[in-house]
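First comes the structure, then the notes that go with it.
The values are calculated or read from the model by the stated rules, or taken from the named source; none is laboratory data. If you're wondering where the values come from, they're calculated on a predicted model, not measured in any experiment. Counting neighbours? That spans all protein chains shown, and the Cβs are built from the backbone with ideal geometry, glycine included.
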Amino acid sequence: MTERDDRTELLEHGQLFIGGEFTDPLGADVIEVVSPHTEEVIGRVPHASEGDVDRAVAAARRAFDEGPWPRMTLDERIAVITRIKDAFAVRHEEFARLISAQNGTPYSASVMVQALAAMMAWDAAITVARTFPYEERRDGVLGPLLVRREPVGVVAAVVPWNVPQFTAAAKLAPALLAGCTAVLKVSPETPLDAYLLAEIVAEAGLPEGVLSILPADREVSEYLVGHRGVDKVSFTGSVAAGRRVMEVASRNLTRVTLELGGKSAAVILPDADLEAAVAGIAPFAWMINGQACVAQTRILVPRSRYDELAEAFAAAAGALRVGDPLDPATELGPLVARRQQQRSLDYIRLGQEEGAKILTGGNVPASQERGWYVEPTLFGSVDNSMRIAREEIFGPVICLIPYGNEAEAVRIADDSPYGLSGSVWTADTGRGIDIARRIRTGTYSVNTFSLDMLGPFGGYKNSGLGREFGPEGYGEFFEHKMIHLPAGYREA
């Protein structure tokens with residue numbers, strides 16, 4: 001490695017992690033990682049080719065069909081995964097800093113959102129695995145039954161750039177604990193932290209072939225998810241990409257789990273403590289610079305209190321400190337790439353054309369001479385039919401939508417092609433729970449915002465298929481087998 005400046009180093013990796021070993025790539029293509037803050041190259045890694053995918057899938061196939069990993073006891077697998085989790089905890093600051101340098105997440109948030117949350121995901125999977133019903137006896141119509149849950153096989157795990165380690169943990173931890181083998185395909189925007197994971201995995205003692213990690217673009221991703229040697233695809237990304245993954249995987253009838261986009265609504269009821277609601281919603285509206293699928297990007301406010309809430313949210317947005325993501329004082333950093341910056345600016349222009357009013361932000365911050373920054377932006381007087389209210393922007397652009405009564409608030413919250421997350425803020429918790437039950441979305445919070453990794457996470461409608469986390473997410477990595485037993489059979 002050569003020194004880049006006093007904050008970061010130019011990280012160069014010349015090999016790929018295939019089957020548990022660092023090995024030379026088959027091709028010569030290289031991915032250059034560019035800082036969203038400085039717009040300078042901060043790293044280079046090999047770009048995996050289709051031939052490298054073939055090698056990785058073949059290694060995973062051998063490890064599943066012939067290797068020890070699926071045949072180990074659960075306790076033996078838990079011991080290995082625990083070592084991965086513990087090593088992650090030790091190096092969490094290193095993970096946080098490296099991810100922030102690549103995707104612009106403020107380091108102040110990255111420690112928890114990017115690093116410790118990933119460690120917690122590994123830990124939660126261990127908790128779920130210990131009590132999961134791998135085999136059970138049932139009384140059938142024609143006699144006793146034995147129902148088994150067996151590992152699905154080779155898993156292709158495809159993760160995005162916004163929370164690369166958290167989404168990797170959401171897939172790899174349950175897959176590996178189930179006894180599956182895996183090929184992790186990481187985004188070309190954030191491949192550097194994947195090498196830290198590879199180091200940890202190598203030291204933890206995963207058997208040969210169990211895990212490969214490949215940085216590559218969409219074309220190679222498509223080749224992986226369509227590979228005949230893959231039994232299960234677990235994908236996190238955009239709706240458009242998810243549809244393509246499903247189409248390609250369907251050619252082989254490969255099972256898929258899709259965690260896709262969101263346009264989640266935070267509903268503030270008239271009786272809510274407004275100060276608490278603003279303080280609780282704002283961090284999760286602009287989280288990861290707006291680059292989060294669960295971000296509360298539609299804020300529904302009663303018309304009777306619209307003016308004071310508009311003023312409060314505008315003040316909260318305007319108070320966010322914008323700047324270098326590696327500065328611990330920064331609260332909102334740059335977007336991951338120039339295309340994402342332009343996407344947000346295009347939607348800001350569109351929102352104005354649609355008749356929405358910018359309450360704060362709306363431009364590239366004057367304080368930043370370079371980097372892919374967009375000011376934290378709040379639109380007021382938004383109608384839910386506007387594109388800025390219906391389409392996922394994936395940037396720091398939030399919509400304030402007024403409503404008349406509770407029924408209208410529920411209708412607006414539910415009137416979306418997405419159904420991933422949401423929250424309600426009220427003095428009456430029971431009333432909030434009732435609203436949570438009525439809105440068709442996969443996760444919901446009352447007077448808080450949370451994603452608990454012991455419960456199921458996923459979406460309704462265009463927000464995806466299947467679930468991650470909890471026993472429901474763990475179960476996605478198993479096949480179900482029914483064994484008919486002779487009438488009257490009883491175990492000794």
> With respect to Gly419, is the statement that it is assigned by TED's automatic domain parsing to the domain that holds Cys180 and within 29 Å of Pro174 (Cβ to Cβ) true?
Replying inline: no
>> Being in contact with an Asp or Glu (Cβ under 6 Å, 6 or more places away or on another chain) and either in a loop (DSSP other than H, G, I, E, B) or among the hydroxyl-bearing types (Ser, Thr, Tyr) (or both) is the filter here; which residues of segment 26-56 pass it?
In response: Leu26, His37, His47
> Among the residues of segment 413-433 satisfying the criterion of being surrounded by fewer than 21 Cβ atoms within 10 Å (Cβ to Cβ) and of a type in the set (A, V, I, L, M), which is farthest from Tyr306 (Cα to Cα)?
Replying inline: Ile433
> Listed residues Val41, Val45; which is over 18 Å from Val155 (Cα atoms) and in contact with a helix residue (DSSP H, G or I) (Cβ under 9 Å, 6 or more places away or on another chain)?
Replying inline: Val45
>> Every residue in segment 337-357 that is buried (at least 18 other Cβ atoms within 10 Å of the Cβ) and either modelled with pLDDT under 95 or more than 29 Å from Val33 (Cβ to Cβ) (or both), please.
In response: Gly351, Ala356
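So which residues in segment 138-170 are without any contact (Cβ under 8 Å) to a residue 12 or more places away in the chain and in contact with a Pro (Cβ under 8 Å, 6 or more places away or on another chain)?
Going residue by residue through segment 138-170, those that are without any contact (Cβ under 8 Å) to a residue 12 or more places away in the chain are 138-139, 141.
Hit for segment 138-170 is Arg138, nothing else.
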> Within segment 360-381, which residues are buried (at least 23 other Cβ atoms within 10 Å of the Cβ), assigned to a strand (DSSP E or B) and out of contact with any Cys (no Cβ under 9 Å at 6 or more places or on another chain)?
Replying inline: Thr377
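If you go through segment 84-106 one residue at a time, do you hit one that is basic (Lys, Arg), under 21 Å from Val186 (Cβ atoms) and more than 23 Å from the chain's Cα centre (by Cα)? Even if it seems obvious, please write down each step before you answer.
First pass over segment 84-106, keeping only residues basic (Lys, Arg): 85, 91, 97.
Those still in the list that are under 21 Å from Val186 (Cβ atoms) too: 85, 91, 97.
Adding the requirement that they be more than 23 Å from the chain's Cα centre (by Cα) leaves none.
No: zero hits.
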> With Leu172, Leu142, Leu146 as the choices, which residue is within 14 Å of the chain's Cα centre (by Cα) and more than 14 Å from Gln102 (Cβ to Cβ)?
Replying inline: Leu172
>> Against the conditions (1) assigned by TED's automatic domain parsing to the domain that holds Ile281; (2) surrounded by fewer than 17 Cβ atoms within 10 Å (Cβ to Cβ), where does Glu472 fall short? Just the number, please.
In response: (1)
>> Looking only at segment 135-171, how many residues end up being closer than 23 Å to Glu76 by Cβ and touching a helix residue (DSSP H, G or I) at 6+ places or on another chain (Cβ under 8 Å)?
In response: 10
>> If Leu451 satisfies all but one of (1) within 17 Å of the chain's Cα centre (by Cα); (2) at pLDDT 95 or above, what's the number of the condition it fails?
In response: (2)
> Cβ-Cβ below 7 Å, separation at least six or inter-chain, first residue in segment 204-221 and farther than 21 Å from Arg91 by Cβ, second assigned to a strand (DSSP E or B) and of a type in the set (Lys, Arg): which pairs?
Replying inline: Leu214/Lys185; Ala216/Lys185; Ser221/Lys185
> Residues in segment 293-333 that are touching an Asp or Glu at 6+ places or on another chain (Cβ under 6 Å) and either basic (Lys, Arg) or assigned by TED's automatic domain parsing to the domain that holds Pro36 (or both): how many?
Replying inline: 1
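Considering only segment 87-133, how many residues are within 30 Å of Arg148 (Cβ to Cβ) and β-branched (Val, Ile, Thr)?
Of all residues in segment 87-133, those within 30 Å of Arg148 (Cβ to Cβ) come to 120-133.
Imposing the further condition that a residue be β-branched (Val, Ile, Thr) reduces the set to 126-128, 131.
Qualifying residue count for the region: 4.
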